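The structure under discussion appears below in the form of structure tokens.
The values are calculated or read from the model by the stated rules, or taken from the named source; none is laboratory data. Note that this is a predicted model, so its numbers are computed, not measured. Neighbour counts run over all protein chains shown; Cβ positions are idealised from the backbone, glycine included. The area values use the complete protein model at the heavy-atom level, side chains included, leaving out ligands, DNA and RNA. Shrake-Rupley method; radii C 1.70, N 1.55, O 1.52, S 1.80 Å.
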Amino acid sequence: MTPLVLYDTYTRTLREFQPLNPPEVGMYTCGPTVYDYAHIGNLRTYIFEDILKRVLLYNGFSVKHVMNITDVGHLTSDADTGEDKMEAGARRAGKTAWEIAEYYTEEFRKDLKRLNILEPTIWCRATDHIQEQIDFIRCIEEMGYTYRTSDGIYFDTSKLPSYGYLGRLDIEGLQAGARIDMGEKRHPTDFALWKFSPKDQKRQMEWDSPWGVGFPGWHIECSAMSAKYLGPFFDIHCGGEDHITVHHTNEIAQTEACYGTRLANFWLHGYFLQLDEGVKMSKSSGKFLRVESLIEEGYDPLAYRMFCLNAIYRQKLNFTWDGLDGAAKSLDRLRNAFYEWGAPGEPDPAYLQKFLEVINDDLNMPRAMALTWDLVRSDLPNEVKKATLLDFDRVLGLDLANWQPPEEVIPDEILRLVELRQQARAEKRWQDADTLRNQIAAAGYEVMDTPQGPKVKRRRGS
RNA sequence: GGCGACGUGGCCAAGUGGUAAGGCAAGGGUCUGCAAAACCCUGAUCACGGGUUCAAAUCCCGUCGUCGCCUCCA
């Protein structure tokens, strides 16, 4: 038995993972705010969560995976003021907020599919759970943690002694360094549970509530929906590292106020992807790389997944085109090798055991990849290698089993030149053969002589 | 201003007390009429300066640099 050890941000320690209700694992992953496309930095986190889920499955657990779609409630500026991102995105595109949400949700799902990320068991949209959120706020209110201002209902963080534990927040320090507009908030860390619609304008997304017409604050959906689908205390909650100090801290506060639990037994966070220029990749900056951008540059989206597998999730990762290129090439080699091995036999137990050890060591995928290359270069029979790597791929998620060498349509013109070259070679007219090779190359194709005869393929990058 | 992280060969990146995984690129080689593919081989003492230790990339202090969070953000 090899225990699964994961790094829990809440305790800041490596802990052995055991499901609360075996064999099922309840897992909640913070999903996208659908006012724009997802960028590859966002996607790194979803890849990390996918690896986590696959490792759980590999360990024999079943996973109930819930992902939210935030389609309301995120404000664009400081201190819970400003325009809602959804409404702003809608105005930009000349569509309704609802249409925007629908469109970007579909685009997001398309990206997940392209990266071979397993779909959640349950998708849940914030706007489909307004009543649950109202009920949750009422619960917090009844427990005495709220107060009202002219623009909304707020959570009084000073009433919760444990507030900020996840982020190890230095509350005093925050107050000293506070530079944000407090508005009517009583404490810098207080946050909105329900926001009233502006009196002078009609919002596209607004609902009635016991406190007045408005919309939910941007943390309450996760507490409300996770409780609905996974209960008030479940196994694992994940998200990006940026969520530690604010979003997840506030989620925990809400759930603690209402249920007295810290929401999840394990808190896992994926770290940021950074551009080599050191430029932060963020949606709000409006400029970023998406999966589509990679495809436009000629890369298979799974090359990006491969790139991410080369690093541990708990460390920043520097994105460079050279790095992606390397990943793409190594993926190509792996695919070809896997393909050439033919039919699978029985996997090698020693490699399987070693694999389990490295992935159960807090998802150490770089080591898993090193082991993979070790397997590829080993002198095990091909059918054993094939079966073993096939098993690894349950976690790696490179979809090796479904890959085939691309079938290329070679123009007759090129095929004729290849035929002429074969004749020249048969007659040992090497000069002519080389001339023909050059002609074919000039047309953008490459000839490879193999024991099975010449193979032609389009040259990469032309 | 407060809090925190990181700095490993050309690039990406593991390793966190016993003398540096892996991938890509590069160079050399085998094979090949040539070429490609494949395979084999080669390279870093771990930002810098001190300190602790029998022993440090790995612990401590300082310096420089990069980055993150504190404000929507994966």
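Annotations
- Residue in region A:308-321 that is over 17 Å from A:V376 (Cβ atoms) and in a helix (DSSP H, G or I) present: yes
For (1) over 18 Å from the mean Cα position of the chain (by Cα); (2) more than 24 Å from A:L52 (Cβ to Cβ), each residue gets a yes or a no:
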position	(1), (2)
A:M306	no, no
A:T320	yes, yes
A:R333	yes, yes
A:Q353	yes, no
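- Here A:L400, A:L363, A:L396 are screened, and the one residue that is in contact with a strand residue (DSSP E or B) (Cβ under 8 Å, 6 or more places away or on another chain), closer than 30 Å to A:H269 by Cβ, hydrophobic (A, V, I, L, M, F, W, C) and open to solvent by less than 20 Å² (accessible area, probe 1.4 Å) is A:L363.
- Here A:Y229 clears all of (1) farther than 24 Å from A:L14 by Cα; (2) crowded, with 23+ Cβ neighbours inside 10 Å except the condition numbered (2).
- Filter result for A:Y46 (assigned by TED's automatic domain parsing to the domain that holds A:Y229, within 24 Å of A:A97 (Cβ to Cβ) and either within 10 Å of the chain's Cα centre (by Cα) or open to solvent by 20 Å² or more (accessible area, probe 1.4 Å) (or both)): yes
- Output for region A:339-386, where each listed residue is of a type in the set (K, R) and near RNA strand B (Cβ under 8 Å from one of its atoms): A:R367, A:R377
- Residue ID - nearest to A:I51 (Cα to Cα), chosen from residues in region A:236-258 that are open to solvent by 30 Å² or more (accessible area, probe 1.4 Å) and in contact (Cβ under 8 Å) with a residue 60 or more places away in the chain: A:H243
- Given (1) open to solvent by 80 Å² or more (accessible area, probe 1.4 Å); (2) assigned to a helix (DSSP H, G or I); (3) more than 9 Å from RNA strand B (Cβ to nearest atom); (4) not β-branched (V, I, T), number of the condition A:L417 does not satisfy: (1)
- A:D322 vs. criteria among the acidic types (D, E), within 13 Å of RNA strand B (Cβ to nearest atom) and either open to solvent by 50 Å² or more (accessible area, probe 1.4 Å) or in contact (Cβ under 8 Å) with a residue 24 or more places away in the chain (or both): yes
- Residues of region A:346-356 satisfying the condition of being touching an Asp or Glu at 6+ places or on another chain (Cβ under 7 Å) and either at pLDDT below 95 or assigned to a helix (DSSP H, G or I) (or both): A:L352
- Set side by side, the residues A:Y37, A:Y28, A:Y10 differ, and just one is part of a loop (DSSP other than H, G, I, E, B) and within 13 Å of RNA strand B (Cβ to nearest atom), which is A:Y37.
- Test: residue in region A:124-132 that is acidic (D, E), buried (at least 16 other Cβ atoms within 10 Å of the Cβ), in the same structural domain as A:G260 (by TED's automatic domain parsing) and more than 30 Å from A:C308 (Cβ to Cβ): yes
- For beta carbons closer than 9 Å, sequence separation of 6+ or different chains, a first residue in region A:174-191 that is assigned by TED's automatic domain parsing to the domain that holds A:G164 and modelled with pLDDT of 85 or more and a second that is among the β-branched types (V, I, T) and within 9 Å of RNA strand B (Cβ to nearest atom), the qualifying pairs are A:P188/A:I180; A:T189/A:V246; A:F191/A:V246.
- Taking strands (runs of 3 or more DSSP E) as the structural unit, those lying wholly within region A:119-215 and holding at least 1 residues that are closer than 25 Å to A:G240 by Cα correspond to A:122-125, A:152-155, A:191-196.
- Filter result (surrounded by fewer than 17 Cβ atoms within 10 Å (Cβ to Cβ) and in contact (Cβ under 8 Å) with a residue 40 or more places away in the chain) within region A:366-390: A:P366, A:V376, A:N382, A:E383, A:L390
- Qualifying positions in region A:217-271 - hydroxyl-bearing (S, T, Y) and in a helix (DSSP H, G or I): A:S223, A:S226, A:Y229, A:T249, A:T255, A:Y259
- Which numbered condition A:A253 fails, given (1) in contact with a Leu (Cβ under 8 Å, 6 or more places away or on another chain); (2) away from RNA strand B (no atom under 13 Å from the Cβ); (3) within 20 Å of A:C124 (Cβ to Cβ): (3)
- Scanning region A:190-200 for residues being surrounded by fewer than 19 Cβ atoms within 10 Å (Cβ to Cβ) and over 20 Å from A:A101 (Cβ atoms) gives a total of 3.
- Some residue of region A:288-309 being open to solvent by 30 Å² or more (accessible area, probe 1.4 Å), within 7 Å of RNA strand B (Cβ to nearest atom) and at pLDDT below 95: no
- Checking the stated criteria, A:R425 turns out not to satisfy the condition of being closer than 28 Å to A:R333 by Cα and charged (D, E, K, R).
- The test for being open to solvent by 90 Å² or more (accessible area, probe 1.4 Å), more than 30 Å from A:C308 (Cβ to Cβ) and in contact with a strand residue (DSSP E or B) (Cβ under 7 Å, 6 or more places away or on another chain) does not hold for A:K428.
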